[in-house]
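Below is one structure, written out as structure tokens; comments come after it.
The values are calculated or read from the model by the stated rules, or taken from the named source; none is laboratory data. None of the values given here were measured: they were computed from a predicted structure. In this analysis, Cβ positions are derived from the backbone assuming ideal geometry, glycine residues included, and neighbour counts consider all displayed protein chains.
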Amino acid sequence: MSKAEFPNHWQARWRISSLRLAALFGTLFVTSIVAMMVWIYGQASAFLERRVDTLIELNVQHLIQIPRADLLQAIAQAQANDLRHLELYGLFDREGQSLAGNLSKMPKLTSDGVLVQAERTIAARGVIIPLANGEQLVVGRDLGELAEIRQILLRAMALGGSVMLLLGLLLGAVLTNGQLRRVNNIRTIAQRITQGDLSQRLPVGPRRDEIDQLASTVNWMLDEIERLLAEVKGVTQNLAHDLRTPLTRLRLQLDRAQQRHQGTELALILDKGLEEIDTLLNRFKALLRISEINNDLRKAGFCSVDLAQCATQVFELYEPLVEDKGLRFDLLIEARPLVIADPDLILEVLSNLVDNAIKFTPFGGWICLRLSLNNQLDQACLELIDSGVGVGNPTPPGTKGHGLGLNLVNAIVHLHQYQFTLQATTPNGTLARLLAPTF
Amino acid sequence: MNRILTIEDDAATASEIALELDAHGMTVTTCGDGPQGLALALQGGYDLITLDRMLPGLDGLSLVKHLRNSGQNTPVLMISALSDVDERVKGLRAGGDDYITKPFDLAELTARVEVLLRRHNSLPTTQLTVSDLTVDLITRQAIRAGQSLSLMTKEFQLLVFLMRNAGQVLPKRLLLEVVWNLHFDPSTNLIEVHIGRLRKKIDLPGMEPLIQTLRGSGYRLTRPIEHVKG
């Protein structure tokens, strides 16, 4: 799969359906939890407030039954009994002066039952009861405990929510990674298959989920393709054998007849017939060879190859021919990279390219074979540049050949999994470039 | 007279091979299937075997393996309709001495048979001489009529092969295989150009030309070879 389809890592992850599902469910889950906690908090707060109010009510009920003479004593007693110092008491005269209790100044009461003092805000709920003699009795209860409980509740909710959010994210990441790993694994194998290794199959896990089902279908498809290719290959090989035997006989018989009639007019006719058969056979052979290389993944001849040696060999082989055609031939060896290849096939590729360059370069032109190394990409770069007529231009008149040379080059390049490009150069000429990974 | 065993299931091809080799002074016995061919080969008494790759009963690869395992070292020229590089490699690894693909040229078949016979029967030498041309295989020096010749590596190899098989017509494809290790036909006049260069160096002005071109068949170095034991 190309990089254009996966511009970056995170976009790639976001496209995984499980991550999107996990995010959606995570959001819903967290929202529900928060709503539930807010409700619990509200309920708990209301309950605690009611409880405080009930306690205040009980204290009030107790104090208002006590005669005025004993009230100061009763307030002192109630204060003494309140070991946690949560209860508030105050008896104030008509002028608001404190007569008893732990409130030094007369507080005010808000509409929602909270006691407020001007000097300091007290977090307390309470009631103010006017007595018959004009005095006022204040009974309240500190809300510090309630606030503390509320804080505990809030902390518990925040902690619980965070843990749940984290767990959700972790689960999403684990699911996504698992799916992404499976998808990447499938991509790697698919790449190997497109490179020609039809024996590869996609992994099918024991879960039989949607990816496994899809992989099973693709594997079944690959089985069929492999079987069909094997059949085609078998037919081609049988055809090769079946056609070659009669062609061999025909050629041998014409050859024999030509030898018997040496020096006669018939021999000349037979000679032309033999030439035609040879042309036919050469085309037939080239076609079969392309099909053999295309269909065949056997790599018996593969070994470590010194490309510089191959280039030199082809240079030495063609140099006299190039010179004879009135062309200049240069060999530039800038590195000596080693590649894994079938040396015979590499020689065939180079020969075909040089052969082509010679055919398409007019008298006085030049051809250059250059071998270099791209250290960053660990690639050997073999280039053949000529000053010929360029790619896509008509073949010069009188050029011989069956036109299958480039098909053969492509088949061999594909077998080796190299990269090959052919492009026109300015103002004229062609650049053929072969890129091979080094080791 | 050399005795040849031709194991070939196609009767017409077998008959043409027999006629051709017979015309070159060889006695040919033909056989149409694998097991019988192996029995004949194991009996011995043949100087060379031409062996089809695909045979009824026992294929050519297995046959040559059997033959080599039983200690027979008669040279084997494998003939096959399968031209794949791997097939050639397999044929040679199994014990074949040379490999030719169908359809082949009769002259090329004869040339390969004769080159194999000569290679098998020749004695080790350090020097080759044809007419007034001498090549020292140790010092890699070539001398024609007393004049030292300056030859490039491939030119020297080409000359040595021509001299070792002097008098024999050598097809272009065989020269490409032996000298340049090329197992395909580059479909150009490459060999003509190389022969032309060699010719200019060895056939000096006023001297008898040694390299002959046989149109459509190949090249031949004249005068029979004289071995000097080393």
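Observations
- Verdict on A:A100 being out of contact with any strand residue (DSSP E or B) (no Cβ under 7 Å at 6 or more places or on another chain), of a type in the set (A, V, I, L, M, F, W, C) and more than 17 Å from A:T54 (Cβ to Cβ): no
- Residue within region A:232-246 that is under 30 Å from A:D271 (Cβ atoms), charged (D, E, K, R), in a helix (DSSP H, G or I) and within 14 Å of chain B (Cβ to nearest Cβ) present: yes
- Among the residues of region B:173-191, those identified as under 21 Å from B:A142 (Cβ atoms) and either within 11 Å of another protein chain (Cβ to nearest Cβ) or of a type in the set (F, W, Y) (or both) are B:V179, B:W180, B:I191.
- Residues being part of a helix (DSSP H, G or I) and within 45 Å of the chain's Cα centre (by Cα) - total across region A:314-357: 17
- For A:A286, the criteria (1) surrounded by 14 or more Cβ atoms within 10 Å (Cβ to Cβ); (2) modelled with pLDDT of 80 or more; (3) small (G, A, S) hold in every case but one, which is (2).
- B:L128 crowded, with 21+ Cβ neighbours inside 10 Å and more than 14 Å from every other protein chain (Cβ to nearest Cβ): yes
- Per the listing A:L228, A:L166, the residue uniquely away from chain B (no Cβ under 14 Å), within 30 Å of B:M54 (Cα to Cα) and not small (G, A, S) is A:L228.
- Residue within region B:20-32 that is in a loop (DSSP other than H, G, I, E, B), within 13 Å of another protein chain (Cβ to nearest Cβ) and more than 23 Å from B:R93 (Cβ to Cβ) present: yes
- Only one of the numbered conditions (1) of a type in the set (D, E, K, R); (2) without any contact (Cβ under 8 Å) to a residue 60 or more places away in the chain; (3) more than 8 Å from every other protein chain (Cβ to nearest Cβ); (4) out of contact with any helix residue (DSSP H, G or I) (no Cβ under 7 Å at 6 or more places or on another chain) is violated by A:R283, and that is (2).
- If you go through region A:85-113 and keep only what is closer than 15 Å to A:P130 by Cβ, modelled with pLDDT of 85 or more, surrounded by 15 or more Cβ atoms within 10 Å (Cβ to Cβ) and among the hydrophobic types (A, V, I, L, M, F, W, C), you end up with A:L91, A:F92.
- Test: B:V76 is surrounded by 19 or more Cβ atoms within 10 Å (Cβ to Cβ) and closer than 19 Å to B:F104 by Cα: yes
- Criterion violated by B:I138 - all others in (1) over 23 Å from B:D52 (Cα atoms); (2) in contact with a strand residue (DSSP E or B) (Cβ under 6 Å, 6 or more places away or on another chain); (3) part of a helix (DSSP H, G or I) satisfied: (3)
Yes/no per residue for (1) in the same structural domain as B:I211 (by TED's automatic domain parsing); (2) at pLDDT below 90; (3) under 28 Å from B:G216 (Cβ atoms):
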{"residue": "B:D136", "(1), (2), (3)": "yes, no, no"}
{"residue": "B:T139", "(1), (2), (3)": "yes, no, no"}
{"residue": "B:G146", "(1), (2), (3)": "yes, yes, no"}
{"residue": "B:T153", "(1), (2), (3)": "yes, yes, no"}
{"residue": "B:L162", "(1), (2), (3)": "yes, no, yes"}
{"residue": "B:K172", "(1), (2), (3)": "yes, yes, yes"}
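- Within region B:33-65, the set of residues being within 18 Å of the chain's Cα centre (by Cα) and not in a loop (DSSP other than H, G, I, E, B) comprises B:L48, B:I49, B:T50, B:L51, B:D52.
- Residues located in region A:365-384, provided they are outside any strand (DSSP E or B), farther than 14 Å from A:F439 by Cβ and touching a residue at least 24 places away in the same chain (Cβ under 8 Å): A:G365
- The residue that is farthest from B:D185 (Cα to Cα), counting only those in region A:258-279 that are within 12 Å of chain B (Cβ to nearest Cβ), among the aliphatic types (A, V, I, L, M) and touching a helix residue (DSSP H, G or I) at 6+ places or on another chain (Cβ under 8 Å), is A:A267.
- Leading residue by the ranking (nearest to A:I56 (Cα to Cα)) among those in region A:69-86 that are among the aliphatic types (A, V, I, L, M) and in a loop (DSSP other than H, G, I, E, B): A:L86
- For the condition away from chain A (no Cβ under 14 Å) and modelled with pLDDT of 85 or more, B:L158 does not qualify.
- Test: residue in region B:1-15 that is at pLDDT below 90, surrounded by 22 or more Cβ atoms within 10 Å (Cβ to Cβ) and either hydroxyl-bearing (S, T, Y) or under 17 Å from B:L77 (Cβ atoms) (or both): yes
- Residue within region A:177-186 that is surrounded by 16 or more Cβ atoms within 10 Å (Cβ to Cβ), in a helix (DSSP H, G or I) and either among the acidic types (D, E) or modelled with pLDDT under 85 (or both) present: yes
- Some residue of region B:89-98 being hydrophobic (A, V, I, L, M, F, W, C), surrounded by fewer than 19 Cβ atoms within 10 Å (Cβ to Cβ) and assigned to a loop (DSSP other than H, G, I, E, B): no
- Qualifying residue in region B:104-126 (condition: under 17 Å from B:Q212 (Cβ atoms) and assigned to a strand (DSSP E or B)): no
- Qualifying positions in region B:200-209 - within 12 Å of chain A (Cβ to nearest Cβ) and touching a Pro at 6+ places or on another chain (Cβ under 9 Å): none
- Filtering region A:395-422 to residues that are modelled with pLDDT under 85 and touching a Ser or Thr at 6+ places or on another chain (Cβ under 8 Å) leaves A:K400, A:G401, A:H402.
- Scan of region B:76-101 for residues that are modelled with pLDDT of 80 or more and at the interface with another protein chain (Cβ under 10 Å from one of its Cβ atoms), ordered by number: B:I79, B:S80, B:K90, B:R93, B:T101
- Residues that are within 24 Å of B:E87 (Cβ to Cβ) and either in a helix (DSSP H, G or I) or among the charged types (D, E, K, R) (or both), drawn from region B:159-190: B:K172, B:R173, B:L174, B:L175, B:L176, B:E177, B:V178, B:V179, B:W180, B:D185
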